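Report on one structure; see the data block that follows.
The values are calculated or read from the model by the stated rules, or taken from the named source; none is laboratory data. Keep in mind that what you see is a predicted model, and the values were worked out from it rather than measured. Positions of Cβ are backbone-derived with ideal geometry, glycine not excepted, and every protein chain shown enters the neighbour counts. Side chains included, ligands, DNA and RNA excluded: accessible areas come from the protein's heavy atoms. Shrake-Rupley method; radii C 1.70, N 1.55, O 1.52, S 1.80 Å.
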Amino acid sequence: MVNEMGKYQNIDDVLAEALANIAGAPNSAALEDVRIAFLGKNGRFTALTKMLATLPVEEKKAFGQEVNVAKAKIESELAACKEALSRRELDEQLRRETIDVTKPIRPEQQGRIHPVSKIYEEVVAIFGQMGFEVAEGPDIEDQFHNFNALNTPANHPARQMQDTFYVPNPESSDFDDSYVVRTQTSSVQIRTMENKRPPIRIIAPGRTYRSDYDATHTPMFHQVEGLVIDKNITMAHLKGCLYDFVKAFFELDELPVRYRPSYFPFTEPSAEMDIGCLKTKTELKIGAGDDWLEILGCGMVHPNVLRAGGIDPDEYQGFAFGVGMDRLAMLKYGIPDLRTFFESDVRWLKHYGFVPLDESSMTGGLSNNGGAQR
Ligand code: DAH
């Protein structure tokens, strides 16, 4: 056993060594190693404490006090050093991870959003705010959903209004069983009624197909269908809803509109909506002038259609509408030929497309300055 001086010397040495190690610890992990080496279960100080048991009673008190004072000193040094190190480490991390938030996200942004995708976003943003949900249906449809349930049975003259592409049914040679690539998104009206009870408030944007090809027709094009069904729905609801839509869509406070009587098999009465515009040889200006431009078809859902969807027409009424989305894009963004939409010409997309991160919203702006940021 060490003599009296030796024991106290021992405490001082261990303390001095501990303090030197603490001061020299380069980071928090090294500091933790120091703590374990001195104060851990098998640490140097713990060994000193154990020595206590072997001492005669009269020495225990003084030695114990000495150990405790030294230990407290180490603990307070450890805490102070730990705080200083972690502050330094945080500063370093922040410096390392600095980003310049004012930099453009991609200085060389190449891609563009196709005008049809842009219109899709805009239409969903407007009707979304009015409380409409987006509904979907398949592109390859059966004749029931595309025609029959929409009050257009086989041999109905209205079937000639649409140049339908038929798709053979491998399970039947009967022509009435053949499928179609849907000629209209109106088919989603029926699919929605089959799956949902009123109140119904949906829009169904999507691809549609007809055998047609010129400057304003392509075999594949896009429509958005709208359907509202509830109790006591009237034509006034239809007019208010569509008026709000066209104003929001063209981003105008005032826009003259009119409804002309029309015919669609699935609505009664049926109408076409026109918006006021000015047509000159070189320009089409929407919202001003004495000319009219047809914009969409609409009407009150025919009782036969409600019945086909399993809804009692004596209890519920509804209105519906169908809009050509490509046509909306042509009008809003001044694109003259529909065929160019689907030619995948990157130069065209660069000119008519939209910067990807400018999302359309009712609060942040639909087109972002009316397309000026193209
Ligand atoms: N499906 C019609 C078309 O393709 C558009 C349409 C008109 C849809 C009137 C409707 C509607 O829902 O009520 O020409």
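Once each part is reduced to its C-alpha centroid, what is the distance from region 126-150 to region 177-231 in angstrom? Rounded to whole Å, the Cα centres lie 4 Å apart. Here Arg87 sits with roughly 140 square angstrom of accessible surface, probe radius 1.4 Å.
Can you give the FRET efficiency to the nearest 0.05 for Lys60 and Ile99, using r as the Cβ-Cβ distance and R₀ = 51 Å?
0.25
When a/c is below 1.5 the answer is rounded, else prolate if a/b is larger than b/c, else oblate, so apply that to region 167-318 with a ≥ b ≥ c taken from the square roots of the Cα gyration tensor eigenvalues. Oblate.
When the residues Met300, Met362, Met51, Met273 are ordered by accessible surface, computed with a 1.4 Å probe over the protein chains alone, the sequence from largest down reads Met362, Met51, Met300, Met273.
Shown is the FRET efficiency for Arg207 and Glu294, computed with R0 = 22 Å from the Cβ-Cβ distance and rounded to the nearest 0.05: 0.55. Taking all Cα pairs closer than 8 Å and separated by 6 or more residues, the relative contact order of region 18-92 comes to 37 percent.
Using Cα pairs under 8 angstrom and six or more residues apart, how large is the relative contact order of region 23-182, in percent?
With pairs under 8 Å counted, the relative contact order is 15 percent.
Extension gain for the segment His217 to Asp176, taken as residue separation times 0.36 nm less the Cα-Cα distance, is 12.1 nm to one decimal.
Centre-to-centre separation between the Cα atoms of region 50-107 and those of region 282-338: 72 Å. Ranked by solvent-accessible area (1.4 Å probe, protein heavy atoms only, all chains present), the residues Tyr263, Tyr179 order from largest to smallest as Tyr263, Tyr179. One chain, two ends: His351 and Thr282. Fully extended at 0.36 nm per residue, the span grows by 22.9 nm beyond their Cα-Cα distance. Taking the helices alone, the chain has a mean residue ellipticity at 222 nm of -12500 deg cm²/dmol, built from -39,500 (n - 2.57) per DSSP H run of at least 4 residues and averaged over all its residues.
Please label the shape of region 298-339 as rounded, prolate or oblate, based on the square roots a ≥ b ≥ c of the eigenvalues of the alpha-carbon gyration tensor (a/c under 1.5 means rounded; beyond that, a/b larger than b/c means prolate, else oblate). Prolate shape, in that a/c is at least 1.5 and a/b is the bigger ratio. I need the shape label for the chain. Rule: rounded when a/c is under 1.5, else prolate if a/b > b/c, else oblate, with a, b, c from the alpha carbon gyration tensor. Taking the square roots of the gyration eigenvalues as a ≥ b ≥ c, the chain is prolate. Solvent exposure of region 1-153 amounts to 63 Å² per residue of accessible area, where only protein heavy atoms count and the probe is 1.4 Å. Listed values for region 144-158 are Karplus-derived 3J(HN,Hα) couplings in whole Hz (6.51 cos²θ - 1.76 cosθ + 1.60, θ = phi - 60°), namely 4, 6, 7, 10, 3, 5, 8, 6, 10, x, 3, 6, 5, x, 5, and x replaces Gly and Pro.
Within the chain, what percent of beta bridges assigned by DSSP are antiparallel, to the nearest 5?
Around 95 percent antiparallel, to the nearest 5.
Spacing of the modelled spin labels on Tyr243 and Gln160, each 7 Å from Cα toward Cβ, amounts to 3.8 nm. Element breakdown for region 168-273 at a 1.4 angstrom probe: carbon and sulfur atoms account for 50% of the accessible area.
Of the lysine pairs in region 227-297, how many meet both conditions: Cα atoms under 25 Å apart, and a spacing of 8 or more in sequence or different chains?
7
A simple rule links phi to the HN-Hα coupling: the Karplus curve 6.51 cos²θ - 1.76 cosθ + 1.60 with θ = phi - 60°, which for region 293-301 gives 10, 6, 10, 6, x, 7, x, 8, 4 Hz, with x for Gly and Pro.
Of all segments of the chain bounded by GluC sites (Glu not before Pro) found in a DSSP loop with no more than 15 other C-beta atoms within 10 Å, the longest spans 1-96.
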